[in-house]
1. Using only Cα atoms, figure out Rg for region 119-176 and give it as a multiple of 2.2 N^0.38 Å.
2. Among the listed pairs LYS109/LYS139; LYS31/LYS140; LYS152/LYS193, give every one whose C-alpha distance is greater than 27 Å.
3. If you place +1 on the Cβ of every Lys and Arg, -1 on the Cβ of every Asp and Glu, and leave all else neutral, what size is the dipole of region 140-183 about its Cα centre, to the nearest 20 Debye?
4. Mind checking which helices in the chain clear 15 Å along their axis (Cα) and have mean Kyte-Doolittle hydropathy of 0.0 or more, DSSP H runs only?
5. Work out the FRET efficiency for GLU177 and GLU41 from their Cβ-Cβ distance, taking R0 = 22 Å, and round it to the nearest 0.05.
6. Expressed as a whole number of Å, what is the distance separating the alpha-carbon centroids of region 110-153 and region 70-105?
7. Per residue, how much accessible area does region 40-197 show when a 1.4 Å probe rolls over the protein heavy atoms, in square angstrom?
8. How much mean residue ellipticity at 222 nm does the chain get from its helices, if each DSSP H run of length 4 or more adds -39500 (n - 2.57) and you divide by all residues, to the nearest 500 deg cm²/dmol?
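The values are calculated or read from the model by the stated rules, or taken from the named source; none is laboratory data. Since the model is a prediction, treat every value here as computed from it, not as a measurement. Using ideal geometry, Cβ is built from the backbone for each residue, glycine included, and neighbour counts are taken over all protein chains shown. SASA here: full protein model, heavy atoms, side chains in, ligands and nucleic acids out. Shrake-Rupley method; radii C 1.70, N 1.55, O 1.52, S 1.80 Å.
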Amino acid sequence: MKLIDNPIAMLLLMGGKSSRMGQNKAWLTYKGVPFWEGLVEELKSCGPVYLSVDCKANKPCEDYPVLIDAYREIGPLGGIYTALSQIPEPYLFVCACDMPHVDRSFIQKLMSYVDERWEGVMVQDRQGRAYATAGIYSKKMLPLMKKMIEEKNYRLQYLLRQSHVCYVTLEEMGMAENVVMNVNTPEEYTKLKGDSL
């Protein structure tokens, strides 16, 4: 059954180590603003925004609720689990802070696939790769997430394989592949800045 006006919150993941970049990717700039600020501008038009950080020292501002990872050093799973455990909304759109092309159009189209039958909604590229840090998760996944954390299995792809997830292709959504592009290295960041000129 399709959920009409279903509450879906927005989560920006800001707790990564950024080891390949050599600096915190959330503060890299694109079109004159830090990645995280640009993404929040898109997220806030789609639902209430929460910021996921690994510690208090990384709180970027006081304008949005900040959720500190209950389990540190375990990657995105820790931030997503913490958020789903604490927020009132039953669904959560998750976005990594290094995906500067994610916009409200992409989010709204993905939200349109939310249905009570699914535990999550994920986008795939032409190669069938699922983008776990640009997808929708539900509280129905919490028991499996908790079990995975207890077993020290932190792989989001495992979570998706074991859950009842709706997969949507970028082609079906009418979206270009770069909408889910991650910026992981200085070389990718240089290319991003060059493409925006």
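1. Working it through for region 119-176, the quotient is 1.19.
2. Check vs 27 Å cut-off fails for LYS31/LYS140; LYS152/LYS193.
3. Numbers: 6 positive and 5 negative charges, 79 e Å.
Dipole magnitude for region 140-183 comes out near 380 debye.
4. Values: long enough: 76-86 (16 Å, 0.47).
Helices meeting the criterion: 76-86.
5. On the way: r = 22 Å, r/R0 = 1.02.
Efficiency at R0 = 22 Å is approximately 0.50.
6. 11 Å
7. Values: 7540 Å² over 158 residues.
Per-residue value: 48 Å².
8. Values: 7 runs with 57 residues, N = 197.
Value at 222 nm, helices only, nearest 500: -8000 deg cm²/dmol.
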